[in-house]
Amino acid sequence: MTNNKKPRVAWLLTHRIQYFVNLLDELQQRDNVEVLAVYAHETQSFRDRGFGLNINWDNREKTGFAEKLLPDSAQRTYGPFLNSRSRELGKVLDGFQPDFIYLNGYTHAISIQGWRWADRHNVPFAIRCDGDTLTEKVAWKSAIRRKLVSVMTGDAYRVTHQGRENKKFWQENGARSEQLIWTPCVSDSEVFRVKAFENEAEKQKFRQAHEAGENEVVFVVSGKLIPRKRPADAIKAIASYRDLPLRLWILGSGELEAELKALATQLQVADRIYWWGFRNQSEIPKILQAADVLLHPSQADPWPYSILDGAISGLALLLSDKTGSYPDWMADPPAGKAFACGDIDDLSRCLQEMVRDRDQLQAYQNAAQTRSHEYTESNFCQIFEDMVFSVVSF
């Protein structure tokens, strides 16, 4: 590079996503590339159908990177494919004149438009998405999707993947080995890598205030209370061993909340569960750092950030084998245990083993926290910048 000129990089997104804000901000702070985030939909408070609430994420409210909301698509709601289509996108990209484009997914029109703009202007682009090969899919739909996506994939300079299952997904959708590059998912370090308690006594006081005894193992289920997350499995599992010193914390909200509370009463375990409701990012670290195990029973979840949040917080991981990231966390040394999704007996056995073998539990916790150090902003930014610089030169 000469004349201190920096590559211009446009990120195309449906909306301002909480787990990308930190990456964009860090890229801007490093000052090696010029970043513009382009959004199809409103970036402030929005209705999250999973949580059933109006959400306004509270991480990095003040950032340094440039952002552009497309005015026409912003008038439409997030969701349907065509709702992110914008007549203004081409004008924004023409004005910014990016040297590189990063596309978040392919299931919204803004990504297809970005791909076509890059193709017409001979601008290299990379693409990412959260897909995995574990989620059950309709065969004929998958076949059609693969044919369509493989055309887009074939045009990409790089295809970024976030783990073993995501890499398999992209290979099934036309990615060549020379295109594939790993980039870490990253929870905001300014939020999750901050010590929440000054000492053990303070932590125990917090646990006791939220109905967890000093000798109890606290399992926390974190996320939306919706059918595909299968939170009821956690309640059924703790009912299998009534003599075990354990506590279940449920962190999140959603359509199943009333049904889950009724199930807890029916199974006579309501006194072993603490309901946190929805909590924004700034509140979550203290809850996680006071727990012991992150339990994720979902039947369809590509690479959940809630699991990474738990690992950073030093929690052992107990993951459904339909969770897309579970192979990454179960690599030697394992950061926890995996169980057969929907198999309550298998889940119950894993719960029992973690409660009764505290030395092994500690080993899982140590492995989880150690592996979480791979998933940082600095690691992502270095990989991302190397990718850009490998194709853009002045």
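Bear in mind that the values in this text are calculations on the coordinates, not laboratory data. Nothing here was measured: the structure is a model prediction, and the numbers come from that model. Ideal geometry is used to build each Cβ from the backbone, glycine not excepted, and the neighbour counts take in all protein chains shown.
Simple point charges give the picture: +1 on the Cβ of Lys and Arg, -1 on the Cβ of Asp and Glu, and for the stretch 190-372 a dipole about the Cα centre of about 240 debye.
Whole Å is fine, so just give me how far the alpha carbon centre of the stretch 254-305 lies from that of the stretch 89-157. The stretch 254-305 and the stretch 89-157 have Cα centres spaced 34 Å from each other.
Annotation: aspartates and glutamates with alpha-carbon distance below 17 angstrom to K91 (same-chain offsets under eight excluded): E67, D72, D99, D119.
By the rule of a C-alpha distance below 18 Å, with chain neighbours fewer than 8 residues away ignored, the aspartates and glutamates paired with K141 are D130, D132, E172. Taking a ≥ b ≥ c as the square roots of the eigenvalues of the Cα gyration tensor, the stretch 190-372 is classed as rounded, since a/c falls below 1.5.
Sorted ascending by nearby beta carbons within 10 Å, beginning with the fewest, I110, I383, I284 become I383, I284, I110. The charge dipole of the chain, taken about the Cα centre with unit charges on the Cβ atoms of Lys, Arg (+1) and Asp, Glu (-1), comes to about 1120 debye, rounded to the nearest 20. Measuring nothing but how far apart in sequence close Cα pairs (under 8 Å, 6+ apart) lie, relative to its length, the chain scores a relative contact order of 16 percent. Residue order for I17, I235, fewest other beta carbons within 10 angstrom first, comes to I17, I235. Considered as an equivalent ellipsoid built on the Cα gyration tensor, the stretch 62-177 has semi-axes of 26, 17, 14 Å, the largest given first.
For K261, the aspartates and glutamates whose Cα falls under 14 Å of its own Cα, not counting residues fewer than eight places away in the same chain, are D233, D271.
As a proxy for reagent exposure, K337, K91 were ordered by neighbouring Cβ count within 10 angstrom, fewest first; the result is K91, K337.
For the stretch 218-299, the list of GluC sites (Glu not before Pro) that fall in a loop by DSSP and count at most 15 other C-beta atoms within 10 angstrom reads E255. Here the 3J(HN,Hα) profile of the stretch 383-390, calculated from phi with Karplus coefficients 6.51, -1.76 and 1.60 at θ = phi - 60°, is 5, 5, 5, 4, 4, 5, 5, 6 Hz, Gly and Pro shown as x. Would you please give the FRET efficiency between A66 and L180, computed as 1/(1 + (r/R0)^6) with r the Cβ-Cβ distance and R0 = 25 Å, to the nearest 0.05? In this case the efficiency is close to 0.30.
Compared with the dominant principal axis of the Cα atoms in the chain, helix 139-155 is inclined by about 50°. For the chain, adding -39500 (n - 2.57) for each run of n ≥ 4 DSSP H residues and dividing by the number of residues yields -11500 deg cm²/dmol at 222 nm. Of the residues L180, Y39, P334, the one whose Cα sits farthest towards the positive end of the charge dipole of the chain is Y39 (charges of +1 on Lys and Arg Cβ, -1 on Asp and Glu Cβ, taken about the Cα centre). Which of the three applies to the chain, rounded, prolate or oblate, going by the alpha-carbon gyration tensor with a ≥ b ≥ c and a/c under 1.5 meaning rounded? In terms of gyration-tensor shape, prolate.
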